[in-house]
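Each value in this text was obtained by applying a stated rule to the coordinates, not by laboratory testing. As the structure is a computational prediction, the values presented were derived from the model and not from experiment. Here the Cβ positions follow ideal geometry from the backbone for every residue, glycine too, while neighbour counts run over all protein chains shown.
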Amino acid sequence: MISKENLEKIKKITKEFFKKTDFDPEILFNDVIDSTIPIDLKIDEPQILIGEGGRTLTEIQHLLTAILRKNIRCEKKEDIFYIDLDIQDYKKKKNEYLKDLARSIADEVSLSKKEKILPPMTAYERRIVHLELQARGDVETESIGERENRRIVIKNRA
């Protein structure tokens with residue numbers, strides 16, 4: 001569990017980080033889940049900070065995490081933390097979209113008995129698809145390709 005002192009430092013540094021931008025977002029710190037601190041931003045023009053396919057959001061999260069880890073000592077295992085930065089529920093909506101897509105394509109594969117290859121996805125996005133379909137007995141998933149061309153194949157389970 002993250003100490004109250006470290007949580008306050010995280011909040012302070014995060015507010016300072018965004019204060020240095022011209023975006024002036026409303027910052028909401030949600031309840032810590034395990035070692036993850038969910039941070040939601042509300043902003044007038046969210047697409048600027050989300051970027052194409054959420055890439056800018058991901059990079060901002062990496063940068064903020066690096067700054068926080070540099071400034072906050074994690075001497076004990078309980079002090080280790082992660083940041084989950086979201087902007088106007090973009091990630092939440094994207095996760096639901098990916099789960100719906102996975103189920104829909106899996107149903108198609110199950111009926112047609114023909115595999116389907118999904119478009120390239122990030123590791124995070126592929127994980128969502130794999131987890132969504134892992135309990136199904138009629139299909140299986142496999143990641144193929146390299147780097148930014150890595151994608152998922154959904155196959156009929158033999």
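Since only ILE33, ILE43, THR14 are under comparison, the one whose Cα sits farthest along the positive direction of the charge dipole of the chain, derived from C-beta charges on Lys, Arg, Asp and Glu, is ILE33.
Taking the Cα centre of segment 24-158 as reference, the dipole from Cβ charges on Lys and Arg (+1) and Asp and Glu (-1) amounts to some 680 debye.
Of the cross-linked pairs LYS15/LYS92; LYS94/LYS116; LYS19/LYS99, which ones have a Cα-Cα span greater than 30 Å in the structure shown? Distance filter (> 30 Å) returns LYS19/LYS99.
3J(HN,Hα) along segment 139-154: 9, 9, 10, 8, 8, 9, x, 10, 6, 6, 9, 6, 9, 10, 10, 9 Hz, from the Karplus curve 6.51 cos²θ - 1.76 cosθ + 1.60 with θ = phi - 60°, whole Hz, x for Gly and Pro.
Along segment 86-101 the Karplus relation, 6.51 cos²θ - 1.76 cosθ + 1.60 evaluated at θ = phi - 60°, assigns HN-Hα couplings of 9, 10, 6, 6, 4, 4, 4, 5, 5, 4, 5, 4, 5, 5, 4, 4 Hz to successive residues, with x for each Gly and Pro. Looking at the chain, the DSSP beta bridges with both ends there are about 70 percent antiparallel. Applied to segment 42-56, the Karplus parametrisation 6.51 cos²θ - 1.76 cosθ + 1.60 on θ = phi - 60° returns per-residue 3J(HN,Hα) values of 10, 8, 5, 10, x, 4, 4, 7, 7, x, 5, x, x, 5, 5 Hz, with x for Gly and Pro.
By how many degrees, 0 to 90 and rounded to 10, does the Cα axis of helix 4-19 deviate from the longest principal axis of the chain? Its long axis makes an angle of about 90 degrees. Amide H contacts of VAL139 (H built 1.01 Å from N, in plane; Pro and chain starts excluded): ARG157 sit under 5 Å, all sequence-distant by 5 or more or on other chains.
For segment 86-131, the set of trypsin sites (Lys or Arg not before Pro) satisfying both a DSSP loop assignment and a count of at most 13 other C-beta atoms within 10 Å is given as LYS113, LYS114. Listed by chain and number, the lysines placed with their C-alpha closer than 20 angstrom to that of LYS12 are LYS4, LYS20, LYS42, LYS70; residues fewer than eight positions away on the same chain are left out. Tell me what the chain gives for mean residue ellipticity at 222 nm when only DSSP H runs of n ≥ 4 count, each as -39,500 (n - 2.57), the sum divided by the residue total, rounded to 500 deg cm²/dmol. When only DSSP H runs of four or more count, the value is -15000 deg cm²/dmol.
Given H placed on each backbone N at 1.01 Å, which residues far from ILE87 in sequence or on other chains put an amide H within less than 5 Å of it? Result for ILE87 returns LEU41.
For segment 1-76, the set of trypsin sites (Lys or Arg not before Pro) satisfying both a DSSP loop assignment and a count of at most 16 other C-beta atoms within 10 Å is given as LYS20, ARG73, LYS76.
Shown for GLU5, GLU140: other C-beta atoms within 10 Å of each C-beta, ranked fewest to most, produce the order GLU5, GLU140. Taking N as the residue count of segment 4-88, its C-alpha radius of gyration divided by 2.2 N^0.38 Å amounts to 1.07. Max-minus-min Cα coordinates of segment 93-156 on each principal axis give 30, 25, 16 Å, with the largest extent listed first.
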